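Down below is the structure, laid out as structure tokens.
Laboratory data are not the source of any read-out in this text; all were calculated from the coordinates shown. Everything quoted here is computed from the prediction, not taken from an experiment. Cβ atoms come from the backbone with ideal geometry, glycine included; neighbour counts cover every protein chain shown.
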Amino acid sequence: MPDPAVTRDPGLDPQLLQLLQMMDAMQAKPMYEGTVEEARAANAAMPVDPAAVPQLAAVEDVSVAGAAGDIRARVYRPSLDGARPTIVFFHGGGFAVGSLDMFDIICRTLALAADAVVVAVDYRLAPENPAPAAAQDAVAATRWVADRLGELGGSDVLGVAGDSAGGNLAAGVAQALRDEGRPLAGQLLFYPLTDFAGGAADYPSMSENASGYMIDAPSIAWFQEQYVGHLDGAALADPVLSPLRGDVAGVAPAIVVTAEFDPLRDQGIAYAEKLRAAGVPVQAETCPGLIHSFLNFALMVDAARAAQDEAFRAFRDLLHG
């Protein structure tokens, strides 16, 4: 039976409510009470209906340059005819879980919806590779892609995208490439973590949505311990890790998508507001009724699919001019 102690806002999407109640009934051990290996195995075990996998012209696993050697990536091409924009995608998973396979359907859908080549990067995970390893890999991999756009089937238009931890990495890449004089055409950020140095006092959503919506306060603390647990407060404010703390003037135009019932909602909103204040073109949307990681439920939750599709179309419009 669902845990009677769990309370949720009546504005939560009904399909998501049903999914969360099913998870309550399973009474699985919380991720933060287990090991990283157990968390990765649980995510890898999620079943996928083969009929739901979008078919593309070409999907290929490649090696790209990371900060400390080659890392895996997966290239998705919606068509073999003509050059089109390229998107470097960074998956979520709290910097500790997540994989190319876990986000395969999302990347396939993005490639089709945005009519773009998508290069999904399998950056190094914590705690084996703590901060700033993932951030360094993200920048190195994007440089590698930028130098090979034609070889990958792309035009000279390059953007970045990511969700959650991946949104953090994408935002950091946009700042880094701006600094190198290689500005991007756009950045698509889904419910990004933008500020490791901030807490509930800075972002009310951390308290408002601290429990009941799958990703909760203990889970966030557990993920952060894996990636940045070795760092102190001053180091957490480094823009390499906390893009909100950086100079955002002149970065790529952004689409920032947050979810109403997400502890990280206010961090994403704060980042969009900072971009806008700096004169960066921004499209920002807080999706009513949705929760963190809603991209992973797009096949099961109509509102999640609608929000995903709307953002992907907007990114297509941005990249294609």
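Note on Glu273 and Ala41: the extension gain reaches 79.8 nm, defined as 0.36 nm multiplied by sequence separation minus the Cα-Cα distance. For Ala284, the residues 5 or more places off, or on other chains, whose built amide H falls under 5 Å of its own are Val256. Alpha-carbon geometry of segment 139-291: the Rg and the Dmax are 15.6, 48 Å, given in that order.
Rounded if a/c is under 1.5, else prolate if a/b beats b/c, else oblate: with a ≥ b ≥ c from the C-alpha gyration tensor eigenvalues square-rooted, which is the chain? Here the chain falls in the rounded category. Segment 269-305 and segment 185-225 have Cα centres separated by 13 Å.
Shown in residue order for segment 187-195 are the 3J(HN,Hα) couplings computed by the Karplus curve 6.51 cos²θ - 1.76 cosθ + 1.60 at θ = phi - 60°: 9, 10, 10, 9, 5, x, 7, 10, 8 Hz (x for Gly and Pro). Roughly how tilted is helix 104-114, in degrees to the nearest 10 and between 0 and 90, from the longest Cα axis of the chain? Roughly 50 degrees between the two axes. Rounded to the nearest 5, the antiparallel percentage of DSSP beta bridges internal to segment 1-143 is 70%. Placing pseudo-labels 7 Å out from each Cα toward the beta carbon at Ala58 and Asp70 gives an inter-label distance of 1.8 nm. Spacing of the modelled spin labels on Asp49 and Arg305, each 7 Å from Cα toward Cβ, amounts to 0.9 nm. Annotation: peptides 263-270, 6-13, ranked by per-residue average of other Cβ atoms within 10 Å with the highest first, follow the order 263-270, 6-13. Each Cα pair under 8 Å and six or more residues apart adds its sequence gap; the mean of these over the residue count of segment 52-206 is a relative contact order of 25 percent.
Counting only alpha carbon atoms, the long axis of helix 14-26 and the longest principal axis of the chain meet at about 60°.
Principal-axis analysis of the Cα atoms of the chain puts helix 133-146 at an angle of about 30° to the longest axis.
Among 165-174, 216-225, 284-293, sorting by the average number of other beta carbon atoms lying within 10 angstrom of each residue, highest first, gives 165-174, 284-293, 216-225. Which FRET efficiency value, to the nearest 0.05, is calculated for Thr7 and Glu285 with the Förster distance at 25 angstrom and r the Cβ-Cβ distance? The pair Thr7/Glu285 has a calculated efficiency of 0.45. If a/c stays under 1.5 just call it rounded; otherwise compare a/b with b/c (prolate if a/b is bigger, oblate if not). Do that for segment 1-146, with a ≥ b ≥ c from the square roots of the Cα gyration tensor eigenvalues. Oblate, since a/c reaches 1.5 and b/c is not below a/b. Hey, what number do you get for the chain at 222 nm if only DSSP H runs of n ≥ 4 count, each worth -39500 (n - 2.57), divided across all residues, to the nearest 500? Helices in the chain give a 222 nm mean residue ellipticity of -11000 deg cm²/dmol. Can you grab the distance from the C-alpha centre of segment 24-82 to the C-alpha centre of segment 100-140, Å, no decimals? Spelled out, the Cα-based centre of one part sits 9 Å from the other.
Residue by residue, segment 221-230 carries 3J(HN,Hα) couplings of 4, 5, 4, 5, 4, 5, 8, 10, x, 8 Hz when phi is fed to the Karplus relation 6.51 cos²θ - 1.76 cosθ + 1.60 (θ = phi - 60°); x denotes Gly or Pro.
When the chain is described by a simple charge dipole with +1 on each Lys and Arg Cβ and -1 on each Asp and Glu Cβ, the residue from Val75, Met206, Leu275 located farthest towards its positive end is Val75. Scattering from segment 240-321 was approximated by placing one identical point on each alpha carbon and applying the Debye formula without solvent; log10 I(q)/I(0) at 0.21, 0.23, 0.25 1/Å stands at -1.02, -1.13, -1.21.
Per-peptide packing, taken as the mean over residues of other Cβ atoms within 10 Å, places 145-155, 15-25, 250-260 in the sequence 250-260, 145-155, 15-25 from highest down. Where does the charge balance sit around Leu188 when Lys and Arg score +1, Asp and Glu -1, over other residues with C-beta under 15 Å from its C-beta? So the environment of Leu188 carries a net charge of -4. When +1 charges are put on Lys and Arg Cβ atoms and -1 charges on Asp and Glu Cβ atoms, the dipole computed for segment 222-270 relative to its Cα centre reaches about 100 debye. Report, by chain and number, residues whose modeled amide H sits under 5 Å from the one on Ala116, excluding near sequence neighbours (fewer than 5 apart, same chain). Sorted by chain and number, the residues that satisfy this come to none at all.
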